[in-house]
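Following: one structure in structure tokens, then a few remarks.
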Amino acid sequence: MRTITNHMPTAELQALDAAHHMHPFTTNAQLGKKGARIITRAKGVFLTDSDGHEIIDGMAGLWCVNVGYGRDSMAEAAARQIRELPYYNTFFQTSHVPAIALAARIAELAPGDLNHVFFASSGSEANETNIRLVRHYWALKGQPERSVIISRMNGYHGSGMGSASLGGMVSMHEQGNLPIPGIVHIGQPHWYAEGGDMTPEEFGLKRARELEEKILEIGADRVGAFIAEPVQGAGGVIIAPDSYWPEIQRIVDKYGILLIADEVITGFGRTGNWFGSQTLNIMPHIMTIAKGLSSGYAPIGGSVVCDEVAAVIGSDEFNHGYTYSGHPVAAAIALENLRIMEEEGVVEHVRDVAHPHLAERWHALGDHPLVGETKLIGMMGSLALTPEKGSRARFAADAGTAGYITRERCFANNVIMRHVYDRMIISPPLVMTTDEIDILIDRATLALDEAYAQLK
Ligand code: PLP
């Protein structure tokens, strides 16, 4: 067997990667022309690539490395658990200490009576679980026809058949005949792009009331749940107007439908509280968690379920589960991650650095000639690019301006940001210091300046 290491020349690694490795959300044929950037190691908030560049990670990997890279205690927790019990399942009335301890800890942290955890290995899997939970819950309550789940255009809930259907990504629905039956979408609360002449508050109410209209159109007795991210992440860090969530809460309460908050990004400190639902004052019946639960050190996710739903589901055998539900090594890593977050006060740190430092620096980018608006909540932010300062004009979707900035200019300046259509986004490790925030924003500014010079 050939040994492939970090020390091989980049071009050789890229050629092997292009030949054998199919990447997610990538035009794989292009990898043969322009190879992937290969990350070889990471420490704190910095990544190193195979050419030795030190890159500041403005995205915490994929919105997940909340405690930063290179934590020895996480490696030790994993090694300890592998030695003691590397695997056992949680099916058929068996359990183990890491899954028990993690479920209990999540129940302590979660708001209200969200006291029960069904484990999965990812956010997608957890949302697949949620579809089955919702439908089985209503069936057990004698209302099996309440199987429709309402979600939002431009929401993201994962890549499985069910979870991608819950999502509202047109580019995903176009591939593979999605959504599956029984999942319908309403508009998103994205005032900047879709609010027209309305004020943000008017628009927030309008978009929330689409939920009520949809419930009435389908029939309240057929709707089981509404799912949404407290803040749309992959959709471009879209923060709803203040009027939106109270109206959504009123509507789900009025019609007695289940509210699922997909906290895969907003959970575990991202918005300045343990959960985005707390920041936005919403009370879900189910929360989807993943990513920050283990800071990405191990694949683990789950559905956090309220007392009532858990009691109903628990009255029957739930014919659902994954080989790795509550995987002991992943659970041990997640527990260590939560211990670090608590001991180091990571959630408090988010509040301290987000306001005023990150907020001041981020919103100052609003003065840049290419920037139409800046948005920030806790440590997730977005900026809209515009060809016409002072208007809400957008670059044509296919012009690739945001792509050029994030892929070319950000790479050239050793900063990782991401773009969604015409928005550039950040979601850095939550432990980022104010000095590191300055590095991040300085490099982002250079990337924007270079793009502006190029476009002029
Ligand atoms: N839900 C949300 C809100 C997400 O942002 C994501 C991933 O980005 C998922 C679900 C899917 O999670 P995973 O990629 O772990 O399957």
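Computing FRET efficiency as 1/(1 + (r/R0)^6) for ARG339 and LYS254, where r is the C-beta to C-beta distance and R0 is 41 Å, gives about 0.50. For region 365-456, the pair-distance distribution built from all alpha carbon pairs, in bins 5 Å wide starting at 0, is 3, 15, 26, 29, 17, 7, 3, 0 percent. Extension gain for the segment SER95 to ARG222, taken as residue separation times 0.36 nm less the Cα-Cα distance, is 42.1 nm to one decimal. May I ask you to list the lysines whose Cα is less than 25 Å away from that of LYS456, ignoring any residue fewer than eight positions away on the same chain? Excluding near neighbours in sequence, the set is LYS389. Rg to Rh for region 61-113: what is it, with Cα atoms only and Rh by Kirkwood? Rg divided by Rh gives 1.04.
Taking the alpha carbon gyration tensor of region 1-120, multiplying each eigenvalue by 5 and rooting it gives semi-axes of 36, 18, 17 Å, largest first.
Across region 274-413, Cα-Cα pairs farther apart than 22 Å form 61% of the total.
Over all pairs of different C-alpha atoms, region 52-156 has a mean inverse distance whose reciprocal, the Kirkwood radius, equals 17.8 Å.
Packing-based ranking of 59-65, 33-39 yields 59-65, 33-39, ordered from highest to lowest mean Cβ neighbour count within 10 Å. Put simply, the chain fits an ellipsoid with semi-axes of 33, 29, 21 Å; these come from the alpha carbon gyration tensor as the roots of five times its eigenvalues, largest first. The Rg/Rh ratio of region 31-73, with both radii computed over alpha carbons and Rh defined as the Kirkwood radius, is 1.03.
Laboratory data are not the source of any read-out in this text; all were calculated from the coordinates shown. Nothing here was measured: the structure is a model prediction, and the numbers come from that model. FYI the Cβ positions are ideal-geometry reconstructions off the backbone, even for glycines, and counts take in every protein chain you see.
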